Amino acid sequence: MLIIFVSFVLCRHDSYSVFAEAVSDSEAPGYSDVISEPMDFGKMREKVEKKEYGCGAEAFKGLYEDFLLVFDNCYAYNPPDGEVLPEAARIFSLLPETFASAAAAVAKRTASTSKS
């Protein structure tokens, strides 16, 4: 359940839907030549819904790695002075806090379950 919350919170912050869907070569010429492993928030949401990340710590690890991949791809393709990188940096800055909050919630839940 927490993995759904984390993915929702971070995707919600994509105000301009920059990372919402897969990037095509028609909208970003040469993208597939530069990026060998594309990732976007829509694909991540599908993976969450299909439980492809698994559960527990492994699920958070997989989700976190895919978020990093989204931003690695963004920085690899887009020019430093473009419009996309500031938006990427803004969303990326939310990652640590969001994942830390989720980890704290898991720890609290685990502690209260083990006391029962």
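The values are calculated or read from the model by the stated rules, or taken from the named source; none is laboratory data. It should be emphasised that the depicted structure is a prediction, and the values quoted were computed from it without experimental measurement. Positions of Cβ are backbone-derived with ideal geometry, glycine not excepted, and every protein chain shown enters the neighbour counts.
Considering only the stretch 39-94, how many residues are small (Gly, Ala, Ser) and at pLDDT 95 or above?
Number of matching residues: 1.
For Ile91, which of the numbered conditions (1) in contact (Cβ under 8 Å) with a residue 60 or more places away in the chain; (2) assigned to a helix (DSSP H, G or I); (3) touching a helix residue (DSSP H, G or I) at 6+ places or on another chain (Cβ under 6 Å) fails to hold?
All conditions are met except number (3).
Can you tell me which residue in the stretch 75-86 is surrounded by the most Cβ atoms within 10 Å (Cβ to Cβ), limited to those that are assigned to a helix (DSSP H, G or I) and free of Cβ contacts under 8 Å to residues at least 24 places away in the same chain?
Restricting to residues being assigned to a helix (DSSP H, G or I) and free of Cβ contacts under 8 Å to residues at least 24 places away in the same chain, the top hit is Leu85.
Between a residue in the stretch 62-74 that is touching a residue at least 60 places away in the same chain (Cβ under 8 Å) and within 18 Å of Ala22 (Cβ to Cβ) and any residue that is part of a helix (DSSP H, G or I) and among the hydrophobic types (A, V, I, L, M, F, W, C), which pairs come within a Cβ distance under 8 Å, given they are 6 or more apart or on different chains?
Listed pairs, sorted by first residue: Leu63/Ile3; Leu63/Val6; Leu63/Met44; Leu63/Val48.
How do the helices (runs of 4 or more DSSP H) wholly within the stretch 1-60 filter down when requiring 1 or more residues that are touching an Asp or Glu at 6+ places or on another chain (Cβ under 8 Å) and either over 20 Å from Ile91 (Cβ atoms) or free of Cβ contacts under 8 Å to residues at least 60 places away in the same chain (or both): which remain?
31-34, 41-49
Going residue by residue through the stretch 13-26, is there one that turns out to be surrounded by 12 or more Cβ atoms within 10 Å (Cβ to Cβ), under 15 Å from Thr98 (Cβ atoms), modelled with pLDDT under 90 and acidic (Asp, Glu)?
Checked against the condition, which is being surrounded by 12 or more Cβ atoms within 10 Å (Cβ to Cβ), under 15 Å from Thr98 (Cβ atoms), modelled with pLDDT under 90 and acidic (Asp, Glu), the stretch 13-26 yields at least one hit.
Just give me the residues in the stretch 2-51 being among the aromatic types (Phe, Trp, Tyr) and in contact with a helix residue (DSSP H, G or I) (Cβ under 8 Å, 6 or more places away or on another chain), in sequence order.
Phe5, Tyr16, Phe19, Tyr31, Phe41, listed by residue number.
Can you tell me which residues in the stretch 39-91 are over 15 Å from Cys11 (Cβ atoms) and basic (Lys, Arg)?
Residues satisfying the conditions are Lys50, Lys51, Lys61.
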